[in-house]
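The values are calculated or read from the model by the stated rules, or taken from the named source; none is laboratory data. Fair warning: this is a prediction, and the values are worked out from it, not measured in the lab. Neighbour counts run over all protein chains shown; Cβ positions are idealised from the backbone, glycine included. Accessible surface is based on the protein model in full, side chains and every heavy atom, while ligands, DNA and RNA are left aside. Shrake-Rupley method; radii C 1.70, N 1.55, O 1.52, S 1.80 Å.
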Amino acid sequence: MDKPNINPFPVSGYAGPGYFCDREQETKTLLEAISGGRNVTLMSLRRIGKTALIHHVFHQLAVKKNWLTLYTDLL
């Protein structure tokens, strides 16, 4: 776990892979798409966890593949 956190279910920000639960298939699908150079669009209702999933995938890329990632929120 990257940083100590009192709440085991953080509701804002990305606290690291130790606090990220489920979404194994979605993470795998995104990593495969990125590695294959495919474009991806994530669509869902608000507050479902799209941004947290993106941060989790970026963390996986940085750790496993030594990639530099950039996140920009255009809203």
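How many residues are in a helix (DSSP H, G or I), among the polar types (S, T, N, Q) and open to solvent by less than 90 Å² (accessible area, probe 1.4 Å) if we restrict to segment 17-44?
Residues of segment 17-44 that are in a helix (DSSP H, G or I), as a first pass: 17-19, 24-35.
From what's left, among the polar types (S, T, N, Q): 25, 27, 29, 35.
Subset that is open to solvent by less than 90 Å² (accessible area, probe 1.4 Å): 27, 29, 35.
Residues in segment 17-44 being in a helix (DSSP H, G or I), among the polar types (S, T, N, Q) and open to solvent by less than 90 Å² (accessible area, probe 1.4 Å): 3 in total.
Would you pick out the residues in segment 50-75 that are loosely packed, with under 10 Cβ neighbours inside 10 Å and assigned to a loop (DSSP other than H, G, I, E, B)? Please lay out each step first, then the result.
Our first condition is that a residue be loosely packed, with under 10 Cβ neighbours inside 10 Å; within segment 50-75, this holds for 64, 66, 68, 70-75.
Once the filter is applied, which keeps residues that are loosely packed, with under 10 Cβ neighbours inside 10 Å and assigned to a loop (DSSP other than H, G, I, E, B), segment 50-75 yields 66, 68, 70, 71, 72, 73, 74, 75.
Residue under question is residue 47, and the condition is that it be assigned to a loop (DSSP other than H, G, I, E, B), exposed (fewer than 15 other Cβ atoms within 10 Å of the Cβ) and in contact with a helix residue (DSSP H, G or I) (Cβ under 9 Å, 6 or more places away or on another chain); does it hold? Give the derivation first.
Numbers: assigned to a loop (DSSP other than H, G, I, E, B): yes; exposed (fewer than 15 other Cβ atoms within 10 Å of the Cβ): yes; in contact with a helix residue (DSSP H, G or I) (Cβ under 9 Å, 6 or more places away or on another chain): no.
Considered against the rule, which asks whether it is assigned to a loop (DSSP other than H, G, I, E, B), exposed (fewer than 15 other Cβ atoms within 10 Å of the Cβ) and in contact with a helix residue (DSSP H, G or I) (Cβ under 9 Å, 6 or more places away or on another chain), residue 47 comes out as no.
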